[in-house]
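Engineer: Starting off with a structure, shown below.
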Amino acid sequence: MLMNFDKLGAWRWILSGICALMALFLLLPILFIVALSFGNSRWLIFPPPGWTLKWYGELFADPRWLQAAFTSAKIAVIVMVLSVAIGLMASLALVRGRFRGREVLRGFFLTPMVLPVVIIAVALYAAFLRLGLNGTLVGFVIAHLIVALPFSIITISGALETFDPSIEDAAILCGASPWEARFRVTLPAISHGLFSAAIFSFLISWDEVVLAIFMASPTLQTLPVKVWTTLRQDLTPVIAAASTLLVLLTVVLMIAAALIRKGKSR
Amino acid sequence: MTSPHLHINGIRKTFGDVVATDHVELEIGEGEFMTFLGPSGSGKSTTLYILAGFQDPTAGDIRLRGKSILQTPSHKRNIGMVFQRYTLFPHLSVGENVAFPLRVRRAPQAEIAAKVKRALSLVRLDGFEDRMPANMSGGQQQRVALARALVYDPPVLLMDEPLSALDKKLREEIQYEIRRIHQQTGVTILYVTHDQEEALRLSDRIAVFNRGRIEQVGTGPELYASPATHFVADFIGDSAFLTGELAEVKDGRATLRFTDGTVLADVPMHGVGAQGGKAELMLRPERIDLSDTVGPPGASLPVTVEDVTFLGNNSAVTARTGWGEPLYIRLNFGHPMMASVSRGDKLHVRWQPQDAHVFTKE
């Protein structure tokens with residue numbers, strides 16, 4: 001340990017204070033939007049003069065919002081499944097494979113993480129114009145898959161690296177065929193990595209907005225795009241309600257991911 | 001002669017230009033405990049991996065009960081193996097780990113339950129069925145691995161340095177357990193280790209590996225009493241080597257001349273050496289005696305005592321020959337010389353003719 005927290009004396013209170021301020025700084029906008037979604041003012045006034053559930057009622061009564069949420073969920077689930085499947089195969093190659101250019105390939109897989117999303121969006125938009133994929137479900141899925149895959153590959157490779165291949169060998173000598181060994185031993189043993197990859201992939205697609213704006217058409221748009229376009233037309237608290245629900249799902253999934261990580265280290 | 005239980009027939013394995021094993025030839029009887037002993041990189045593990053089917057030999061054959069197993073994939077060889085690293089399936093309980101080989105063989109549930117219970121009892125882990133591997137010590141994990149490898153009654157059990165990750169005390173405890181399990185089950189075991197003490201403690205026979213080849217195969221006492229090569233003599237037990245020139249070679253016996261002119265006649269010799277070639281005389285510290293009188297010709301040398309260290313039940317004496325090479329002698333407690341020997345004494349070392357060995361030097 002570089003620093004022993006218990007031996008810091010007065011410093012520990014200062015450090016704790018800085019920590020609390022940081023947490024507040026990060027969380028305050030979210031708390032703000034949650035409060036506004038329950039406020040009864042038409043004009044996003046803070047603090048709200050009174051409380052109401054009216055905006056949630058409006059939100060659920062508007063088929064366009066529900067349509068957008070359904071589209072978001074559909075895309076996120078497809079992206080999640082593909083991202084885990086492709087991420088698993090890529091990770092197997094990167095971790096187990098012995099071939100030239102393996103490190104280059106690993107770097108290549110991770111580039112979407114460091115590339116500005118807007119550049120990916122412009123490039124995809126141009127490419128999809130030729131292919132006629134803009135404004136289609138396939139276009140959305142491909143775009144989100146590109147940004148989700150690096151996270152999937154990182155988490156699955158991480159799990160695979162801590163898994164000793166000798167364990168698979170042991171399963172094979174026990175009489176399991178190589179495929180049986182992979183399905184009955186390797187996959188269950190790295191399942192925490194697969195679950196984390198699934199959750200992160202879902203979340204990345206679920207709250208992605210830049211690519212989605214480029215891909216969206218009037219008939220096909222995701223929830224974050226709907227929030228953004230509505231925001232440009234009028235400042236209704238319905239947006240706050242929609243945002244709150246977005247955040248709620250994200251928080252639930254993050255907690256699930258944390259619980260899985262905890263279960264793994266048990 | 002009936003065909004051996006397991007026949008490793010001229011196995012050769014190369015990785016590019018590197019020869020991992022060469023001409024490995026060994027016959028192992030049913031129920032035998034055979035140890036592959038050698039330093040790392042000597043080819044002992046490669047041979048084991050070829051047996052397991054994880055590697056294919058470049059040349060040679062392996063026959064189990066008279067039938068070649070090289071065309072059989074690993075999972076159909078029915079061989080048991082305990083690995084150097086902990087290889088329990090982390091997501092399965094101890095009971096399910098041991099049941100795994102039976103489940104993939106589609107054994108009926110009642111049989112699985114009975115066999116798992118018996119296997120765990122064999123390694124003295126009764127009642128551990130519901131434990132998870134992560135909550136067990138290294139020694140316990142290796143015992144579960146042993147139960148898992150034995151639960152389907154394999155014709156051969158391979159063990160690849162299974163105790164190297166454990167501390168010394170635990171290692172000795174589990175060595176004793178392995179010996180008991182071997183006696184109790186009668187399973188044929190191929191055991192790989194680089195620890196000569198472990199090999200001597202466990203094995204019926206030991207195959208000493210060096211640079212991809214088997215240097216000698218024999219029981220522990222055989223290897224100790226009549227090592228075939230310098231390497232074996234050096235690897236099993238303590239030994240000192242004195243370098244001289246072959247003055248005469250006749251009928252497997254040699255006359256050695258050392259640099260100061262000292263001559264030793266009529267010493268049993270290993271290997272082919274030409275007159276005038278270099279050779280080494282091997283003597284073991286505990287097989288030579290210190291005396292103030294000269295011994296019979298060919299079994300005695302004059303030495304000067306250089307150092308004496310009392311070690312409790314024995315004293316370690318370092319002496320130097322007339323031409324300056326060191327020689328080590330172990331005097332057991334109660335030896336008549338023990339009290340009197342001191343630095344600078346000019347004495348004679350003596351030995352029984354069968355305890356000296358001459359190896360030609362490459």
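The values are calculated or read from the model by the stated rules, or taken from the named source; none is laboratory data. Note that the coordinates shown come from a computational prediction; the quantities given were computed from them, not determined experimentally. Here the Cβ is made from the backbone with ideal geometry for all residues, glycine too, and neighbour counts use every protein chain on show.
Engineer: Taking B:Gln184 as meeting all but one of (1) more than 22 Å from the chain's Cα centre (by Cα); (2) not in a helix (DSSP H, G or I), write down the number of the exception.
Structural biologist: Of everything listed in (1) more than 22 Å from the chain's Cα centre (by Cα); (2) not in a helix (DSSP H, G or I), B:Gln184 misses just condition (2).
Engineer: Could you check B:Ser239 against (1) within 9 Å of the chain's Cα centre (by Cα); (2) closer than 21 Å to B:Leu301 by Cα; (3) not charged (D, E, K, R) and say which number it fails?
Structural biologist: Result: B:Ser239 passes all but (1).
Engineer: Identify all residues within segment B:90-103 that are at pLDDT 95 or above and in contact with a helix residue (DSSP H, G or I) (Cβ under 6 Å, 6 or more places away or on another chain); write none if there are none.
Structural biologist: Hits for segment B:90-103 are B:Val94, B:Gly95, B:Asn97, B:Val98, B:Ala99, B:Leu102.
Engineer: Which condition does B:Gly127 not pass, out of (1) more than 10 Å from chain A (Cβ to nearest Cβ); (2) at negative phi; (3) among the small types (Gly, Ala, Ser), if it passes all the others?
Structural biologist: Status for B:Gly127: all satisfied but (2).
Engineer: Cβ contacts < 8 Å: first residue facing another protein chain (nearest Cβ under 8 Å) and over 19 Å from B:Ala99 (Cβ atoms), restricted to segment B:62-86; second residue among the aromatic types (Phe, Trp, Tyr) and assigned to a loop (DSSP other than H, G, I, E, B), any location; separation 6+ or different chain. Result?
Structural biologist: B:Ser74/B:Phe54
Engineer: From the residues in segment A:171-204 that are at negative phi and outside any helix (DSSP H, G or I), which one is farthest from the other protein chains (Cβ to nearest Cβ)?
Structural biologist: Here the answer is A:Ile190.
Engineer: Next question. Considering segment B:157-172 alone, what residues qualify as being surrounded by fewer than 24 Cβ atoms within 10 Å (Cβ to Cβ), more than 11 Å from chain A (Cβ to nearest Cβ) and closer than 17 Å to B:Met34 by Cβ?
Structural biologist: Once the filter is applied, which keeps residues that are surrounded by fewer than 24 Cβ atoms within 10 Å (Cβ to Cβ), more than 11 Å from chain A (Cβ to nearest Cβ) and closer than 17 Å to B:Met34 by Cβ, segment B:157-172 yields only B:Glu161.
Engineer: Go through segment A:112-145 and report how many residues are of a type in the set (Ser, Thr, Tyr) and either part of a loop (DSSP other than H, G, I, E, B) or under 19 Å from A:Ala85 (Cα atoms) (or both).
Structural biologist: Applying the first criterion (of a type in the set (Ser, Thr, Tyr)) to segment A:112-145 yields A:125, A:136.
In the following step, the residues that additionally are either part of a loop (DSSP other than H, G, I, E, B) or under 19 Å from A:Ala85 (Cα atoms) (or both) were identified as A:136.
The qualifying residues number 1.
Engineer: Does A:Arg12 satisfy the criteria of being assigned to a helix (DSSP H, G or I), of a type in the set (Lys, Arg) and either closer than 30 Å to A:Phe195 by Cβ or over 26 Å from the mean Cα position of the chain (by Cα) (or both)? Steps first, answer last, please.
Structural biologist: Numbers: assigned to a helix (DSSP H, G or I): yes; of a type in the set (Lys, Arg): yes; either closer than 30 Å to A:Phe195 by Cβ or over 26 Å from the mean Cα position of the chain (by Cα) (or both): yes.
Criteria met by A:Arg12.
Engineer: Every residue in segment B:87-122 that is part of a loop (DSSP other than H, G, I, E, B) and either more than 9 Å from chain A (Cβ to nearest Cβ) or surrounded by 21 or more Cβ atoms within 10 Å (Cβ to Cβ) (or both), please.
Structural biologist: As a first pass, look at segment B:87-122 and keep what is part of a loop (DSSP other than H, G, I, E, B): B:87-93, B:105-108.
Result: B:Thr87, B:Leu88, B:Phe89, B:Ser93, B:Arg106, B:Ala107, B:Pro108.
Engineer: Here are B:Val208, B:Val249: which of them is hydrophobic (A, V, I, L, M, F, W, C) and more than 12 Å from the chain's Cα centre (by Cα)?
Structural biologist: Numbers: B:Val208 fails: more than 12 Å from the chain's Cα centre (by Cα).
Of the residues listed, the single one that is hydrophobic (A, V, I, L, M, F, W, C) and more than 12 Å from the chain's Cα centre (by Cα) is B:Val249.
Engineer: What is the residue count in segment B:174-196 for residues that are in contact with a Gly (Cβ under 7 Å, 6 or more places away or on another chain) and of a type outside the set (A, V, I, L, M)?
Structural biologist: Residues meeting the conditions: 3.
Engineer: Quick one: which of A:Leu194, A:Leu211, A:Leu231, A:Leu249 is touching a residue at least 24 places away in the same chain (Cβ under 8 Å) and within 30 Å of A:Gly50 (Cα to Cα)?
Structural biologist: Only one candidate qualifies: A:Leu249.
Engineer: In addition: Of everything in segment A:126-140, what is surrounded by 22 or more Cβ atoms within 10 Å (Cβ to Cβ) and hydrophobic (A, V, I, L, M, F, W, C)? Give them in sequence order.
Structural biologist: A:Phe140
Engineer: Can you confirm whether segment B:224-244 contains a residue that is part of a loop (DSSP other than H, G, I, E, B) and crowded, with 22+ Cβ neighbours inside 10 Å?
Structural biologist: yes
A quick yes/no check of all residues on (1) surrounded by 21 or more Cβ atoms within 10 Å (Cβ to Cβ); (2) modelled with pLDDT of 90 or more; (3) aromatic (Phe, Trp, Tyr):
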site	(1), (2), (3)
A:Ile213	no, yes, no
A:Thr222	yes, yes, no
A:Leu246	no, no, no
A:Leu249	no, no, no
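Engineer: Quick check, is B:Glu198 farther than 26 Å from B:Gly53 by Cβ and either acidic (Asp, Glu) or more than 14 Å from the chain's Cα centre (by Cα) (or both)?
Structural biologist: So B:Glu198 does not fit the description; no.
Engineer: Within segment A:150-170, count every residue that is facing chain B (nearest Cβ under 7 Å) and crowded, with 24+ Cβ neighbours inside 10 Å.
Structural biologist: Initial filter on segment A:150-170 (facing chain B (nearest Cβ under 7 Å)): A:164, A:166-167, A:169-170.
So of that shortlist, the ones also crowded, with 24+ Cβ neighbours inside 10 Å come out as A:170.
Selection size over segment A:150-170: 1.
Engineer: Kindly establish whether A:Pro218 is within 14 Å of chain B (Cβ to nearest Cβ) and surrounded by fewer than 23 Cβ atoms within 10 Å (Cβ to Cβ). Reasoning before the result, please.
Structural biologist: Values: within 14 Å of chain B (Cβ to nearest Cβ): no; surrounded by fewer than 23 Cβ atoms within 10 Å (Cβ to Cβ): yes.
No.
Let's see how each residue does on (1) closer than 30 Å to B:Glu215 by Cβ; (2) within 27 Å of the chain's Cα centre (by Cα); (3) assigned by TED's automatic domain parsing to the domain that holds B:Thr229; (4) in contact (Cβ under 8 Å) with a residue 40 or more places away in the chain:
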residue	(1), (2), (3), (4)
B:Pro302	no, no, no, yes
B:Asp307	no, no, no, no
B:Ala316	yes, yes, no, no
B:Ala319	yes, no, no, no
B:Phe333	no, no, no, no
B:Met337	no, no, no, yes
B:Gly344	no, no, no, yes
